[in-house]
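Report on the structure given below.
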Amino acid sequence: MASVYQERRRLEAALRRELPNDYVIVSGPDHPLLLRAADLLVGGGGSLTAVFIPTAREKSDPDVLRARLTLNRLALQRDARPVLIAGPEAADLGGAMEGDFTQVIDTQHVQSLVRVIRGPVDTRRVVPKEVHLAASHRFGEAFRMSRVMAFLYARATRRTSGARQARAQAMFENISEPPEVEEGSKAEGKSSRTRIHRIDSSNFGGAPGVPIAAFSAGRYDSGQLTQLVYEQSTNLYSLDGGIPYPKRAPLGLALVSSWPLMARDPYKLVRALAFGGWSLALTDQVPRGSDRLQRIALRMRAAGEMES
Amino acid sequence: LSAARKRIETLQVELKAAELSFPAAVFRAITEELGEAESVRRTMPERRRHLLQIMHFCRALDTTLKQAAYGPSGGAKKTMGQCFQRLLDPPLSLITRGQYQTFMDDVRDPRNRFMHEAGAFPNSTYEASRHLGSIGACFSEILKLI
């Protein structure tokens, strides 16, 4: 059986043969808001098609594919057409998810895929503008909270001017104030993977109802981060007919020992975690029961209520 | 750098999907700007490369933004800040307050510094990557609005 990577390459080559030259195809896209984008994106004729090739895990657990589809639908253009590639071995998955995709296509039926790509917009699966705005609001709140915590960390570890300190304090008091960007420390280069522990927030003074995940020191593992984001997306959105409708649920707080920064796009992980509903803070920045934790929890809950 | 080929290709495919919203010449110009950001990847010295990449990304974003905020006929003389403001305010209300602030801080401010201030260069590859990542994310979010 071909791997997802091989299948991507095969489909990419087939589409390059079958589609006119002005169609743009990217296999394994690097989307700035997503830890795992669709496997292929095809743009042309005024629309976007997102092709999903299920992983072994997604084949055995449709909720994983559902979470990936949810985040892609929120990150890509509203009228992007999601297509699932499912061979005979994934027939059950195809059947279970048929309503969420514009079409479920057998691995060998490239012509069917070409017809979808060159066909009209799937009007039944256009994500409403309000849904995208709600996702943007949640992302904005989570991302800015992470950055405020990064800034406060930077302020605590180096000398800054009085004006900048006052600004940082203002940012924390009111996130709508313009912040400055500061970097925290780079992720530690330890070889062992970080471990993620879920914390019962009802016993973590000051943050009842807010999901909390604590990362141990170590190398950040994209698979674990993806899993965390998928779990939260299930809490935050309900996928119906391929459209991810927001649910009222608080954003989460991830406690880390160092900022997960990447060399190629330093904020990519912070951004993608925020898009998936997680705000980051260093573990010792928000002690259990602290006033700061209570205020963050308040914002996490308010953002989940979708009040912009 | 975040101007790595895969990221640029991803932005290009999203741009291509919005092609019909642009006049043909404008679409071609934006596509070429993104291509330029990739083609300067071997330019030396490094700080010149960083500046060029940021410039090409910003020019692509600038024109896309004017299209999103003012349509094909307006916006020629509008600033980046004015475009974000228009997207935020009614009747458009296409972006949230959080997005507006992030765009102003992460995109407009560094863009103004690097484009208008003599001697301003990113201090390191890391800093250049940070700005390119933020501009790319903004570009992707604006394309969703078109």
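What the table below lists for this structure:
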item: A:Leu93 vs. criteria modelled with pLDDT of 95 or more and buried (at least 19 other Cβ atoms within 10 Å of the Cβ); result: no
item: Residue among A:Val42, A:Val26 that is in contact (Cβ under 8 Å) with a residue 24 or more places away in the chain, part of a strand (DSSP E or B) and open to solvent by less than 60 Å² (accessible area, probe 1.4 Å); result: A:Val42
item: Region A:111-139, residues that are of a type outside the set (Lys, Arg) and within 14 Å of A:Glu18 (Cβ to Cβ); result: A:Gln111, A:Ser112, A:Leu113, A:Val114, A:Val116, A:Ile117, A:Gly119
item: Long-range neighbours under 7 Å by Cβ, at least six apart or interchain, first residue in contact (Cβ under 8 Å) with a residue 60 or more places away in the chain within region A:228-242, second surrounded by 21 or more Cβ atoms within 10 Å (Cβ to Cβ) and of a type in the set (Phe, Trp, Tyr); result: A:Val229/A:Trp278; A:Gly242/A:Phe101
item: Some residue of region A:232-251 being open to solvent by 40 Å² or more (accessible area, probe 1.4 Å), out of contact with any Gly (no Cβ under 9 Å at 6 or more places or on another chain) and part of a helix (DSSP H, G or I); result: yes
item: Residue count for region A:120-130, restricted to those that are surrounded by fewer than 18 Cβ atoms within 10 Å (Cβ to Cβ) and either β-branched (Val, Ile, Thr) or touching a Lys or Arg at 6+ places or on another chain (Cβ under 8 Å) (or both); result: 5
item: Selection status of A:Arg36, in contact with a Pro (Cβ under 8 Å, 6 or more places away or on another chain), within 14 Å of chain B (Cβ to nearest Cβ), surrounded by 17 or more Cβ atoms within 10 Å (Cβ to Cβ) and not β-branched (Val, Ile, Thr); result: no
item: Pairs where the first residue, in region B:83-105, is among the hydroxyl-bearing types (Ser, Thr, Tyr) and the second is buried (at least 20 other Cβ atoms within 10 Å of the Cβ), C-beta under 7 Å, 6+ apart; result: B:Thr96/A:Ser136; B:Thr96/A:His137; B:Thr96/A:Gly140; B:Tyr100/B:Phe84; B:Thr102/A:Gly140; B:Thr102/A:Phe143; B:Thr102/A:Arg144
item: Some residue of region A:257-266 being hydrophobic (A, V, I, L, M, F, W, C) and part of a helix (DSSP H, G or I); result: no
item: Residue check, A:Gly252 more than 14 Å from every other protein chain (Cβ to nearest Cβ) and over 22 Å from A:Asp284 (Cβ atoms); result: no
item: Complete set of residues in region B:112-133 that are surrounded by 16 or more Cβ atoms within 10 Å (Cβ to Cβ) and away from chain A (no Cβ under 13 Å); result: B:Phe114, B:Phe121
item: Qualifying residues in region B:14-47 (those that are surrounded by fewer than 19 Cβ atoms within 10 Å (Cβ to Cβ) and touching a residue at least 60 places away in the same chain (Cβ under 8 Å)) - the one farthest from A:Asp265 (Cα to Cα); result: B:Ser21
item: The listed residue being more than 9 Å from chain A (Cβ to nearest Cβ), within 21 Å of A:Pro266 (Cα to Cα) and among the aliphatic types (A, V, I, L, M), out of B:Leu61, B:Leu88, B:Leu11, B:Leu65; result: B:Leu61
item: Subset tally (residues that are charged (D, E, K, R) and over 17 Å from B:Glu33 (Cα atoms)) for region B:49-96; result: 4
item: Candidate set from region A:69-85 (those that are within 9 Å of chain B (Cβ to nearest Cβ) and not charged (D, E, K, R)); member that is surrounded by the most Cβ atoms within 10 Å (Cβ to Cβ); result: A:Leu76
item: Candidate set: region A:3-23, residues that are open to solvent by less than 10 Å² (accessible area, probe 1.4 Å) and more than 14 Å from every other protein chain (Cβ to nearest Cβ); chosen: the one nearest to A:Ser136 (Cα to Cα); result: A:Leu11
item: Count of region A:278-308 residues which are farther than 18 Å from A:Phe151 by Cα, in contact with a strand residue (DSSP E or B) (Cβ under 8 Å, 6 or more places away or on another chain) and away from every other protein chain (no Cβ under 14 Å); result: 1
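The values are calculated or read from the model by the stated rules, or taken from the named source; none is laboratory data. Keep in mind it's a predicted model, so treat the numbers as computed, not measured. We place every Cβ from the backbone using ideal geometry, glycine too, and count neighbours over all the protein chains shown. All accessible areas refer to the heavy atoms of the entire protein, side chains included, with ligands and DNA or RNA removed. Shrake-Rupley method; radii C 1.70, N 1.55, O 1.52, S 1.80 Å.
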